[in-house]
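Notes to accompany the following structure.
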Amino acid sequence: MNRIKIKPLNQTKKAGWFMLIMLFSSSLHAILLPARIFSDNMVLQREAAIPVWGTAIPGEQITLRLGASKVKTVTKSDGHWRVNLPQLPAGGPFKLEIKGQKEKIEFKNVLIGDVWFASGQSNMEHPMKGWEFIPHSAIDHAEKEIADSNYPEIRLFSVPKYPSPVEQKDLPGGKWEIAGPESVSGFSSTAWFFGKELYRKLKVPIGIIHSSWGGTPIQTWMSRESLEPYKTSVKIPEVPLKFDPEGWSEKVRESLEKNLIRRNQISYPIAGLPEKIGKSDYDDSTWKSVDILNPNSRFGNIVWLRNKIVIPESYRKQRLCLSLGFLGWQSQVFCNGTELGYFSYPRPVKVEIPAQLVHSGENVVSIRLAMPWGGTQVFGDKEQFFIANSNRSFYSGLVDGWKVNDQLESIIPIVESYQNNPSFLFNGMVAPVIPYALKGFIWYQGESNAGEPQLYEKMFKQLIVDWRKLWRQENLPFLFVQTSNIEQSHEFDKKSDSWCLLREAQQKALSLPMTGMAISLDMGNPYDVHPKNKQDFGHRLALHALKVAYHQNVVADGPAYESFENKGDTIMIQIKAPLNYLVLKRPGNLSGFETAGKDGLFQEAKAFLRGKRIYIYADKIKNPVAVRYGWTNNPDCSLFNKEGLPLAPFRTANP
């Protein structure tokens, strides 16, 4: 496997980048420039006033035509102009004509329909074809799904990545694209499946503006003003007295370019190195012997581990099972230089060694571990490290004998990045889109704020209120995904309930009007924070859109907790759902419930369903006073409605 090489931008591309940046300057108004969110193939919001804005010469008269509508305005002294075109029903294609005193711009193939703004972190960003810098990260059935993307009335706009310390008046680039294999393959998978389902159900043009960035906390998506109430908890950067657009954009370009190079270096081994290390006669005399299960055994960003296993002649050409505990963070496993599997995030690693790779005598098992943000490590119990055949007539433990080298591959140093700074992505990737008319928002974010759930609860509500205020629509639908399940591996504190508290914080945003939450506890991959079944996430968001934004009579929510009552040593839970509408995942008792007495110590409980009531008890707890459900990082969801939507996690008042 060859590393992907990213070439530095040539001078022509750099010049093009700078030309884009110069357009941010308010001093350049010699030409008619509509905002970049407007282009050929765009979708404009139906049945609402349509804001259109841009820059031109101060005092210049601007005339806009869309269909039979004609609106005029005069450019302000600062060179900016804005009009509201009258609302139109769904339809098209139209031509939007913007005419100044000497220039005329035409945007063709314009549709009138519904426009949604999709934002968040990596699970919203997750491209259909996966990330270049994360191997094997394409979504499930990617080739088939990308092939099924010829929907000319769905239009896509990807907001360029651009963090900024000051609010930008315009985007550095971007254009609307007609849905098809080329445009969809690199687009947000969650947003695509959401838009595709809405189009199929509504039969009106759908536009998706995608603006997200992996690994980012909520505070970078919030305006500076909306963060003021939290300035004792969030360090809000000072607004620079002087802002150099060209100099800042060069910093952003260099950061993006070099960080991509670095991530690719971490994710892909040097060509030929796995085969070289996998040879039995490879000289590893300079490698260090290591106790891989010693908690102090931490290595660099990239480390190779190597072990020799002697296979008896009688087991030659037999399939073998290789078990290697938990490998963190990105890992590739090789036998005799041939890759057996790639794993991202700590998970139990078990792979099969094909019979043709197994020969008698010395066989080499090698592992490449990589971590972008810190040191690599191996976790697990010694019983999880072995090589064996199917009936274990051959078995060899693999805790001992490992040698390690973290000096074989060099990577460029960490380059400063800016996307996590408070308000920076709002400034560069949200503000320039305001006030483009929308039908609503979809949001998938939270993982980066798991350590501060109480603060997140407040900031999440603040973001919703603030975005609606800035778009001047108090009840603009805001739909979001509740964070899915994640395994508590050896790397994490098993006693931590921060993931549960984060979900609870997200759920409390439902107190705001016109909101909807897609529960995803049953859909995620416990060993991958980026689940690949994004079809399911888009579907559940679409259900909430049909209910909240389009007022259709659809079931978008699963069962919900309503009340509880103490009955001696049993707690009775009342579930909010139609009668005879609940479905057990497995016949028999329910799972995922815990109860606690006055001491506040929760224990696993037994539970059974009678109608819409759940009776819960634990043998060791007398007179329980509290109950909770789904209160683990990776809960076992056991109760659903007939539509297959799960009971939302909940807890009653603490003891």
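Annotations for the structure displayed:
- Selected residue [assigned to a loop (DSSP other than H, G, I, E, B), under 25 Å from Ala191 (Cβ atoms) and not polar (S, T, N, Q)] from Asp114, Asp140, Asp78: Asp140
- Residue match in the stretch 190-210 (condition: open to solvent by 40 Å² or more (accessible area, probe 1.4 Å), in a loop (DSSP other than H, G, I, E, B) and in contact (Cβ under 8 Å) with a residue 40 or more places away in the chain): no
- Boolean, Gln265 is modelled with pLDDT of 95 or more, out of contact with any helix residue (DSSP H, G or I) (no Cβ under 7 Å at 6 or more places or on another chain) and surrounded by 19 or more Cβ atoms within 10 Å (Cβ to Cβ): yes
- Qualifying residue in the stretch 168-186 (condition: farther than 30 Å from Val234 by Cβ, open to solvent by less than 10 Å² (accessible area, probe 1.4 Å) and part of a strand (DSSP E or B)): yes
- Residue check: Gly54 meets all listed conditions (1) open to solvent by less than 70 Å² (accessible area, probe 1.4 Å); (2) over 14 Å from Ile434 (Cα atoms) but one, namely (2).
- Count - residues of the stretch 143-164 that are assigned to a loop (DSSP other than H, G, I, E, B) and among the aliphatic types (A, V, I, L, M): 1
- Condition broken by Asn307, with the remaining ones in (1) among the polar types (S, T, N, Q); (2) open to solvent by 40 Å² or more (accessible area, probe 1.4 Å); (3) at pLDDT 95 or above satisfied: (2)
- Residue in the stretch 259-280 that is in a strand (DSSP E or B), touching a Lys or Arg at 6+ places or on another chain (Cβ under 9 Å) and farther than 30 Å from Pro163 by Cα present: no
- Of the residues examined, Gln506 is not one that is polar (S, T, N, Q) and open to solvent by 20 Å² or more (accessible area, probe 1.4 Å).
- When residues of the stretch 310-339 are limited to those that are touching a residue at least 60 places away in the same chain (Cβ under 8 Å) and in a loop (DSSP other than H, G, I, E, B), the one most open to solvent (accessible area, probe 1.4 Å): Arg319
- Top-ranked residue of the stretch 633-655 - restricted to ones that are open to solvent by 40 Å² or more (accessible area, probe 1.4 Å) and touching a Phe, Trp or Tyr at 6+ places or on another chain (Cβ under 8 Å), ranked as nearest to Lys567 (Cα to Cα): Arg651
- For the residues Ile353, Ile277, Ile292, the requirement of being buried (at least 17 other Cβ atoms within 10 Å of the Cβ), touching a residue at least 60 places away in the same chain (Cβ under 8 Å) and out of contact with any Ser or Thr (no Cβ under 6 Å at 6 or more places or on another chain) singles out Ile292.
- When the stretch 596-608 is filtered for residues that are open to solvent by less than 50 Å² (accessible area, probe 1.4 Å) and under 22 Å from Asp522 (Cα atoms), the ones remaining, listed by number, are Ala605, Ala607.
- Across the stretch 369-376, not a single residue is classified as open to solvent by 40 Å² or more (accessible area, probe 1.4 Å) and more than 22 Å from Asn264 (Cα to Cα).
- Which numbered condition Asn553 misses (of (1) open to solvent by 50 Å² or more (accessible area, probe 1.4 Å); (2) more than 30 Å from Ile206 (Cα to Cα)): (2)
- Of all the residues in the stretch 90-129, those that are more than 15 Å from the chain's Cα centre (by Cα) and either farther than 21 Å from Thr216 by Cα or open to solvent by 10 Å² or more (accessible area, probe 1.4 Å) (or both) number 26.
- All positions within the stretch 225-258 that are assigned to a loop (DSSP other than H, G, I, E, B) and open to solvent by 50 Å² or more (accessible area, probe 1.4 Å): Lys231, Thr232, Ser233, Lys235, Glu238, Val239, Leu241, Lys242, Phe243, Asp244
The values are calculated or read from the model by the stated rules, or taken from the named source; none is laboratory data. Here the structure is a predicted model, which is why all the values come from computation and not from measurement. Here Cβ is always computed from backbone atoms with ideal geometry, including for glycine, and neighbour counts include all displayed protein chains. Ligands, DNA and RNA are stripped out before the accessible areas are found, and what is left, the full protein with its side chains, is counted by its heavy atoms. Shrake-Rupley method; radii C 1.70, N 1.55, O 1.52, S 1.80 Å.
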